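These notes are about the structure you will find just below.
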Amino acid sequence: MTPPIAQRLREAADSVGRERVSMQALAQAHGPEAQGTLLLLLAMPCLLPVPGVGTVLSLGIAALSVAMWRGHGVGLPPQVAALELPGHWARRVLHGLATAYALAGRHARQRLDMLTAERWHPALAAVVGLMALIVLLPIPFGNLLPSLALVLIGLGLVFRDGLAVALGLAGAALAVLATTGLVLWAWTWGGDWAARWLA
């Protein structure tokens, strides 16, 4: 599966010009929609420093987490499907997906099946929903850790590789710790600033 999809994504990236590309078009280039592939597609653009993208895509990630919780399939919500990326960013997303599939094809294999089994999907859904919330927060570079965690979880679901899922869960825990630390620091700094200003 991996060589054809990686090659197809690279060819799709090479065909992108200067025009803006919708998430729906990226989804069509990516291939059949499934929970793992959609998670990859939604998380990859969040790694890019494009203003507003994380805000919109976090809604799609949240919708996907609800579908995972319920055990249902899901497509792209209309507002997410209509989101357009500049051509050069769309090429980066497609090349990033191709690289992720190529690397996973060399290293991923079916193992630790319990972490990819359907009975674990509600727990994974909770983690995915939490990562969507962190992506939504207006924290500089705050998308990086949760998006990487989601990419790993998505690859794990696609390749039924529980080790990738475990690494994604570890990345999610790190994202929660980092975000909590930043929020507490901002709260403390803001409180000190207000106290000095009111003094």
Item to check | C-alpha long axis of helix 2-15 to longest principal axis of the chain, angle in ° | outcome: 70 degrees
Checklist outcome for this item: Kirkwood-based Rg/Rh on the Cα set of segment 76-153 evaluates to 1.00
Checklist outcome for this item: With the 1.4 Å probe rolled over protein heavy atoms, the chain has an accessible area per residue in Å² of 52 Å²
Checklist entry - Which value in nm describes the separation of the simple spin-label points at ALA123 and LEU137, placed 7 Å from the Cα toward the beta carbon? => result 2.4 nm
Checklist outcome for this item: Computed over the chain: longest principal axis from alpha-carbon atoms vs helix 144-159 long axis, angle to nearest 10 degrees, is 30 degrees
Next on the checklist: At 1.4 Å probe size, with the rest of the protein present, what percent of the exposed accessible area of segment 67-119 is carbon and sulfur atoms?
Outcome noted: 53 percent
Next on the checklist: Per 0.36 nm of contour for each residue apart, how much would the distance between ASP113 and VAL183 grow if the chain were fully extended, relative to their Cα-Cα spacing?
Outcome noted: 21.6 nm
Item to check | Surface accessible to a 1.4 Å probe, THR188 within the full protein complex, Å² | outcome: 80 Å²
Checklist entry - Accessible area of MET114, 1.4 Å probe, to the nearest 10 Å²? => result 100 Å²
Item to check | Kirkwood hydrodynamic radius of segment 1-128, from inverse mean 1/r over distinct Cα pairs, in Å | outcome: 15.2 Å
Next on the checklist: If I fit a long axis through the Cα atoms of helix 162-198 and take the longest principal axis of the Cα atoms of the chain, what angle between them do I get, 0 to 90°, rounded to 10?
Outcome noted: 20 degrees
Checklist entry - Which shape class applies to segment 114-162: rounded if a/c is under 1.5, otherwise prolate when a/b exceeds b/c and oblate if not, where a ≥ b ≥ c are the square roots of the Cα gyration tensor eigenvalues? => result oblate
Next on the checklist: Given the -39500 (n - 2.57) contribution per DSSP H run of 4+ residues, what per-residue ellipticity at 222 nm results for the chain, rounded to the nearest 500 deg cm²/dmol?
Outcome noted: -24000 deg cm²/dmol
Checklist entry - Ordering TRP69, TRP189, TRP120, TRP89 by how much accessible area each has at a 1.4 Å probe, largest first, what is the list? => result TRP69, TRP189, TRP120, TRP89
Next on the checklist: Please report the net charge: other residues with Cβ closer than 15 Å to the Cβ of LEU112, K and R +1, D and E -1.
Outcome noted: +1
Checklist entry - Over the chain, what relative contact order in percent results from Cα pairs under 8 Å that are six or more residues apart? => result 27 percent
Checklist entry - Of the peptides 148-160, 54-66, how do they stack up when ordered by the mean number of other Cβ atoms within 10 Å, highest first? => result 148-160, 54-66
Item to check | Estimated distance in nm for a label pair at GLU19 and THR55, the labels positioned 7 Å out from Cα along Cα-to-Cβ | outcome: 2.7 nm
Item to check | Sparse-neighbour loop sites [trypsin sites (Lys or Arg not before Pro); segment 1-86; at most 12 other C-beta within 10 Å; DSSP] | outcome: ARG18
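The values are calculated or read from the model by the stated rules, or taken from the named source; none is laboratory data. Because the structure is predicted, anything quoted here is derived from the model rather than measured. Reconstructed Cβ throughout: ideal geometry from the backbone, glycine too, with neighbour counts over all protein chains shown. These area figures cover heavy atoms from the full protein model, side chains too; ligands, DNA and RNA do not enter into them. Shrake-Rupley method; radii C 1.70, N 1.55, O 1.52, S 1.80 Å.
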